[in-house]
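All of the numbers you see were taken from the coordinates with simple rules; none came from a lab. Nothing here was measured: the structure is a model prediction, and the numbers come from that model. For neighbour counting, all protein chains shown are included, and Cβ atoms are generated from backbone atoms with ideal geometry for every residue, glycine included.
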Amino acid sequence: MISIDTYSFKGKRAIVRVDFNVPLDKETFEVTDDKRIRAALPTIHHILKSGGSVILLSHFGRPKDGPEEKFSLKQIINVVEKNIGQTVQFASDCIGKDAKERSAALKSGEVLLLENVRFYAEETKGDIGFAEKLASLGDCYVNDAFGAAHRAHASTTQIAQFFPRDKMVGFLMKAEIESARKVLNHAERPFTAIVGGAKVSDKVLIVENLLNIADHIIIGGGMSYTFYKAQGGTIGQSLCEDERLDTCREILAKAKEKGVRIHLPLDSTIADRFAADAVTKVTPSNQIPDGWMGLDIGTKAIAAFREVLLASKTILWNGPMGVFEMKAFENGTKAVAEAVAEATANGAFSLIGGGDSAAAVQKFGMSDQVSYVSTGGGALLEYFEGKVLPGVQAMEA
């Protein structure tokens, strides 16, 4: 793979696939979190400083039947300009006349943002012809959209074949891949994986794959109650996937066979209803009474998890410990974030797996106290499930 560090961008138009799928306020349509835009800045600035120009490609939302005003990237131009620090041109299409003319006239040091690639169904279908039209707009291709690397779409995967000697990953993608491979292939031990979230079905593949590489697996969130029910516990009205009870028993058996320690929350903060102002109390996680539901891990679970994490040298975190969006049920996730930060300060390598985990460390002000926060929740999850990421594979071919 060509390195972005050594490639000569002078006089070249670089097509840069970014992930600018940022959240907007539903009423004002203003960007509420620009971290995905900020994450692409090192790559963009490097190309501009090297004498090249930048053509930005991105998806935005999930339009179903062609162009939709609410999914137009023109809504974020002012935020992109503010972050890059210069004027950004905008093409009202990504392959039409406007895109062709603007890209052809682009001068060194200039930036052009093309309209949402998902306004064409060919994008998500991975259409070769559509990819070729996108490729015709530039002289080289840089993929810096790790968050979309698990999609075999035209602008993330197929386009790469039209630049056999002029394709490379950006700084963000490079950092994401290196961090993931460090944990997956070169983890310093003890290696602890924290897996949370609502459903076992969402995380079963990553847990099964982690059984081959982790020393400890901490399981929290709603999915932990399916594990407890599988062992004969009573969980009240807590989240449970009855169809996954056998899966949980199989995972526990495999872990024992492989010598991997599974840590379930000893106790839980339970509530009489799913609400921020619900009545709460703490009980053993396998003794939750009828009419009550577990919405966070309890104090004993926090202490036990903290002990494991502080003894770890490598930590992977994917999924919260409870409904951390509600203040009454944020303690477990916050305590885990604090323990991960402390372990990192003591020399451990910690990778936060995007999505809710990234939102949690950001909420609690700890993003800069861990080793790396991934921008690609779904992509990182699939990588740790053992799947090949087509967006990465296309750059290595």
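Below are the figures for this structure:
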| read-out | value |
| --- | --- |
| Distance in nm between pseudo-label sites at ALA397 and ALA345 (7 Å out along the Cβ direction from Cα) | 4.7 nm |
| Size-normalised alpha-carbon gyration radius of the range 46-167, reference 2.2 N^0.38 Å | 1.00 |
| Calculated P(r) tail over 28 Å for the chain, as whole % of Cα pairs | 50 percent |
| Helix-only CD estimate at 222 nm, as mean residue ellipticity for the chain, using -39500 (n - 2.57) per DSSP H run (n ≥ 4) | -10500 deg cm²/dmol |
| Kirkwood Rh in Å, taken over all unlike Cα pairs in the range 71-115 | 10.8 Å |
| Neighbour-count ranking [beta-carbon atoms within 10 angstrom, fewest first] of SER3, SER201, SER179, SER268 | SER3, SER201, SER179, SER268 |
| The range 203-288 - Rg and Dmax from Cα coordinates, angstrom | 13.7, 43 |
| Added length on full extension, which subtracts the Cα-Cα distance from 0.36 nm per residue, LYS258 to GLN287 | 7.6 nm |
| Neighbourhood charge, 12 Å Cβ-Cβ cut-off, centred on PHE162 and excluding it, Lys, Arg +1 and Asp, Glu -1 | 0 |
| Pairs of lysines in the range 3-122 (C-alpha under 15 Å apart; 8 or more residues apart or interchain) | 8 |
| Three semi-axes of the equivalent ellipsoid, the range 97-250, Cα gyration tensor, whole Å, largest first | 44, 20, 13 |
| Neighbour-count ranking [beta-carbon atoms within 10 angstrom, fewest first] of HIS216, HIS45 | HIS45, HIS216 |
| The range 242-397: C-alpha gyration tensor shape, a/c 1.5 cut-off, then a/b vs b/c | prolate |
| Charge tally in the Cβ shell below 11 Å around TYR141, where Lys, Arg are +1 and Asp, Glu are -1, TYR141 excluded | +2 |
